[in-house]
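Okay, structure first, notes after.
The values are calculated or read from the model by the stated rules, or taken from the named source; none is laboratory data. Please read these numbers as outputs of a predicted model, since none were measured by experiment. Cβ placement follows ideal geometry from the backbone for every residue including glycine, while neighbour counts extend to all protein chains displayed.
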Amino acid sequence: MKSPSTIYLVTRTHGMRTHFLTDENFKTMAKSRSLSEIVDQLLRSDYATEIGKLPSEQVDPSKLEMIFLKTLVERFFNLTKNAKGKGREFLENYVARIEIENLKRILRAKHTNAKIEEHKLIPLDRQHTLINFPALLKAKDIEETTALLRETPYTSLTRRIDDYKRLGITIILESYLDSIYFDKVWEKVEKLENKKSIRKLVGEEIDLSNLQLILTLKMKEIASRQIEEMAIPISYRLRKTNIKRLAQGRFEDSPEALVGTPYVNIAIEILKKTDPTIELETILSKKLYQNASFALRNSSLEFGYVVAYLMMCEREARNLVTITTALDLEVTEENLLQRLFI
Amino acid sequence: MSAAGRAAVSRGILLRLREQLVFTKKGQELLKMKRDHLASETNKLLSKLAERNELDRQLMEAYENLKVAYLNIGFSSLDSQAATVNEMGVRVRPRSIMGVIVPEVIMEKKADIGSISSPSAYKAASKLNGIMENLIQLAEAESRLESIAHELMMTNRKVNSLERVLIPGLIELIRYVEGRLEEESLEEFFRAKCVKKVIRGRKK
């Protein structure tokens, strides 16, 4: 039997789901000829308040992107606020992906001593994070940045500094941050009641993230031993043997390495593309959002519904970013529709 | 150049004019050599410029990949990925080809794109990075060609003016001076004969 807090949260999520833009909305926006047309449509959605604050002459894709991300953050934390007990603990860890992304952005900039300011981060209120981002922004290099992460959940990042110095690539730190993040999220999933649907959703997300990481590293011709070290050490359907075979084999042999997992068809689909590397993210993300969409339809009374909702929030933000960017880059409607997650 | 109206005629001037002619001819030879060398450099550079179409095609392909990367991860995230790329190191130093100063671009350090974690951004970056060296070489070739073509035109003009105006003028002048000197020596000879004849007549 589900706890009243779970029932309350799922019910609230049902209500929040009605705020989503529909696939028809996305298709209509994809046909738009100017940003103002898109803005007009968004004025009837959750984005209206933020967009309303933006003077019409200042409307551009990068400002709109920040509004979409801000709304995404608000949606994440509104939901977390409504949760209680273990569900809340899980959600608090799940929405930490925003601070993880911001941390990655800071580390990337510090790698080359590039200037980074707050407006380049995803807008995240101080109340939603334990990380002192203003201090991190002022850090002079990666070592100082990681040192400032002591007393936070990411303190162990300092252990990877030597590897980072040896190889000189930030992916080592980024993948380790992902490992810390998913490790915490997975730990909280295991503590939830009725975790079947949520396990599948989060587990497959971990596997897909791992797949993307490993295939990207293969593309960069990183040594197999290092790939295995950098991979996220949590397995759902992607076993360690699969990871080992993926790391040791060629990029083209990835379907064979994935035999016995539900990801064989994805690997085949990726390889079918004329340029597999460029389609990798789209194909893997499509699979992730298909899972979320399936969970929204079939787990309407489970906690998994809440996670599926969060994933779909992310999907909406990404779709909107893609649409506004495509309009700015004069991408054809046909090409744009192929890239949308609908 | 007309020799008419030139008054001063002497053996010294004739010698100076002959020396000037030899010097001018040597200069003309050197300029011709310079012209030939510059022409062969131009030919070499023209073959390099022919690669431009292929480079344009590659650039368009790279920009298409970049567009996909933008669509996949958005402006802010791509901006963040781009922050991991170290600046490439390029040094421009002057080089002289037959006295023409042309730029020589030396790529000292390639951009390091190893930290880009998004596959589509990495793909776009690796394409652009691969093209960058060729793009720099093309820019160097175009810039060299511009300087060399200008110098070639100037040298050609100089050779033509030497060949068609200055040297024929000098030859004509030398011929004129030689003629005048011959006339003067004949006059002198005739005068001496006359004087001899008058002296002989007085003696008789």
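State the number of residues belonging to region B:106-140 that are basic (Lys, Arg) and under 14 Å from B:Asp56 (Cα atoms).
1
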| Out of all the residues in region A:80-101, which are under 25 Å from A:Thr158 (Cα atoms), surrounded by 22 or more Cβ atoms within 10 Å (Cβ to Cβ) and either within 9 Å of another protein chain (Cβ to nearest Cβ) or not hydrophobic (A, V, I, L, M, F, W, C) (or both)? | A:Tyr94, A:Glu99
| remark: Pairing a residue in region A:10-28 that is assigned to a helix (DSSP H, G or I) and buried (at least 18 other Cβ atoms within 10 Å of the Cβ) with any residue that is modelled with pLDDT under 95 and acidic (Asp, Glu), where Cβ atoms lie under 9 Å and the two sit 6 or more apart in sequence or on different chains, gives A:Val10/A:Glu302
| Quick one: which of A:Leu72, A:Leu107, A:Leu149 is modelled with pLDDT under 95 and either surrounded by 17 or more Cβ atoms within 10 Å (Cβ to Cβ) or away from chain B (no Cβ under 12 Å) (or both)? | A:Leu149
| request: Would you check which residues across region B:78-91 are in a helix (DSSP H, G or I) and at the interface with another protein chain (Cβ under 8 Å from one of its Cβ atoms) and list them? | output: B:Asp79, B:Ser80, B:Gln81
| message | So in region A:292-309, with the set limited to residues that are crowded, with 19+ Cβ neighbours inside 10 Å and not hydrophobic (A, V, I, L, M, F, W, C), which one is nearest to the other protein chains (Cβ to nearest Cβ)? | response | A:Tyr309
| task | Check region A:254-276 and report whether any residue there is within 11 Å of chain B (Cβ to nearest Cβ) and surrounded by fewer than 19 Cβ atoms within 10 Å (Cβ to Cβ). | result | yes
| said: Restricting to region A:310-342, name every residue that is more than 8 Å from chain B (Cβ to nearest Cβ), within 16 Å of A:Ser34 (Cβ to Cβ) and free of Cβ contacts under 8 Å to residues at least 60 places away in the same chain. | reply: A:Glu330, A:Thr332
| Here are some conditions: (1) of a type outside the set (Ser, Thr, Tyr); (2) surrounded by fewer than 19 Cβ atoms within 10 Å (Cβ to Cβ); (3) in contact (Cβ under 8 Å) with a residue 40 or more places away in the chain; (4) outside any helix (DSSP H, G or I). A:Ile232 meets all but one. Which one does it not meet? | (2)
| message | Which condition from (1) surrounded by 21 or more Cβ atoms within 10 Å (Cβ to Cβ); (2) within 10 Å of chain B (Cβ to nearest Cβ) is the one that A:Gln212 breaks? | response | (1)
| request: State the number of residues belonging to region A:162-193 that are farther than 14 Å from A:Ile232 by Cβ, more than 14 Å from chain B (Cβ to nearest Cβ) and surrounded by fewer than 16 Cβ atoms within 10 Å (Cβ to Cβ). | output: 4
| Does B:Leu55 count as within 14 Å of chain A (Cβ to nearest Cβ) and either of a type in the set (A, V, I, L, M, F, W, C) or touching a helix residue (DSSP H, G or I) at 6+ places or on another chain (Cβ under 8 Å) (or both)? | no
| note | If you go through A:Ile38, A:Ile100, A:Ile67, the only one that is touching a residue at least 24 places away in the same chain (Cβ under 8 Å) and in contact with an Asp or Glu (Cβ under 9 Å, 6 or more places away or on another chain) is A:Ile100
| message | Out of B:Leu173, B:Leu162, B:Leu166, I need the residue that is closer than 24 Å to B:Ile97 by Cα and out of contact with any strand residue (DSSP E or B) (no Cβ under 8 Å at 6 or more places or on another chain). Which one? | response | B:Leu162
| query | Do we have any residue at all in region B:59-74 that's within 30 Å of A:Asn335 (Cβ to Cβ) and not in a helix (DSSP H, G or I)? | reply | no
| field | Criterion violated by B:Arg18 - all others in (1) without any contact (Cβ under 8 Å) to a residue 12 or more places away in the chain; (2) surrounded by 12 or more Cβ atoms within 10 Å (Cβ to Cβ); (3) not aliphatic (A, V, I, L, M) satisfied | value | (1)
| field | Residues of region A:125-146 that turn out to be surrounded by fewer than 21 Cβ atoms within 10 Å (Cβ to Cβ) and more than 30 Å from A:Ile222 (Cα to Cα), as a count | value | 11
| field | Within region B:112-150, considering residues that are within 13 Å of chain A (Cβ to nearest Cβ) and either exposed (fewer than 15 other Cβ atoms within 10 Å of the Cβ) or charged (D, E, K, R) (or both), the one nearest to the chain's Cα centre (by Cα) | value | B:Lys127
